[in-house]
Amino acid sequence: MNMTITGCMLTFYKTTPAVVFWQWINQSFNAVVNYTNRSGDSPISVKQLGTSYVMATTGALVTALGLNSLVKSLPPLIGRLVPFTAVAAANCVNIPMMRMKEIQDGVTLLDNNGNKLGESKTAAKKGIAAVCVSRILMAAPGMVLPPILMNALEKRGTLRRMPWISAPLQVGLCGLCLTFATPACCALFPQKASIAVSSLEPEVQEKIRALPDAPDVVYYNKGL
C-alpha cells in the first residue's frame, strides 16, 4: 500500500486537489504505522491521536502546496522532488506527535538482563529522533530516484509519446526501492537501543548509580 501511495504522490503532484488528497491519504497511513510501532505499549489518548493526525496532515499540505507555488518557475525536476520534501517534513511532525506520551513521561530503561531501572525522557527523544532519520532515509530512494528518471524520460519525449506509463512505472520503481530501503533503514538503528547512563537526566543517573552493580549502559525500546 505504501508504494502505491508514494507512486501516486509522485505522479499527481501538480494540481492542488491531487496534492491535498494524496498527502491526506499518506498521513492517515503514517499515523497508523507510527501508532502501532511506538515504544512498547505506551498509551496515547484519543485527543493526542487526533491532534497528531491533524498537525501532521496540515504540515504536509502546507509544505507541499507552498513548495509547489514556489517552484513553478524552476526546472521540472525541482517540482518532482516536492512530494519528498513534504513527506520528510510531515515525518518530523507525525512521529513525535504520535509518541508525545514518551517525550512527556519517558521510556522504560532496562539493564542487560531485562530488569526495569526507571524511565527516561532523554532516551525517548533520542529514540524518536533516530526513527525520524530512518523514516526519511527510507523514503528517499523511492521519492528521489524515480523523479530523476521520469525527468530524463520527459526530456527525451518518452512521456509525451506514452503518457500511460508514468503511474505504473513510478509505482513499480517505488516498490523496488522500498523493498531494499525499508529493511536497510530499519537496521540502521537497532530497536533495542542503548544509551550511556552518563547521558541520562541527572535524577535518573542518580537513581541507577545507587543500585548495586550499577551498569554504565542501559537499554530501551526505541520503536520503529
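Okay, here's what the table says:
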| item | result |
| --- | --- |
| Identity of the residue in the stretch 77-118, surrounded by fewer than 16 Cβ atoms within 10 Å (Cβ to Cβ) and charged (D, E, K, R), that ends up nearest to VAL33 (Cα to Cα) | ASP105 |
| Selection count, the stretch 58-83, where residues are more than 18 Å from THR15 (Cβ to Cβ) and under 20 Å from the mean Cα position of the chain (by Cα) | 2 |
| Qualifying residue in the stretch 109-118 (condition: closer than 15 Å to GLY223 by Cα and of a type outside the set (S, T, N, Q)) | yes |
| Where PRO141 falls short, out of the listed (1) at pLDDT 85 or above; (2) within 30 Å of GLN48 (Cβ to Cβ); (3) not hydrophobic (A, V, I, L, M, F, W, C) | (2) |
| Residues that are hydrophobic (A, V, I, L, M, F, W, C) and exposed (fewer than 15 other Cβ atoms within 10 Å of the Cβ), drawn from the stretch 189-220 | ALA196, ALA210, LEU211, ALA214, VAL217 |
| Segments classed as helices (runs of 4 or more DSSP H), wholly inside the stretch 123-216, with at least 2 members that are closer than 25 Å to ASN37 by Cα, of a type outside the set (A, V, I, L, M) and in contact with a Pro (Cβ under 9 Å, 6 or more places away or on another chain) | 166-186 |
| Selection count where residues are touching a Gly at 6+ places or on another chain (Cβ under 8 Å) and crowded, with 19+ Cβ neighbours inside 10 Å, scope the stretch 119-139 | 6 |
| Test: residue in the stretch 165-177 that is under 24 Å from LEU61 (Cβ atoms), at pLDDT below 85 and surrounded by fewer than 18 Cβ atoms within 10 Å (Cβ to Cβ) | yes |
| Qualifying positions in the stretch 1-19 - within 22 Å of ILE136 (Cβ to Cβ) and modelled with pLDDT of 70 or more | VAL19 |
| Positions within the stretch 53-98 being at pLDDT 75 or above and not in a helix (DSSP H, G or I), in sequence order | PRO75, LEU81 |
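The values are calculated or read from the model by the stated rules, or taken from the named source; none is laboratory data. Nothing here was measured: the structure is a model prediction, and the numbers come from that model. In this analysis, Cβ positions are derived from the backbone assuming ideal geometry, glycine residues included, and neighbour counts consider all displayed protein chains.
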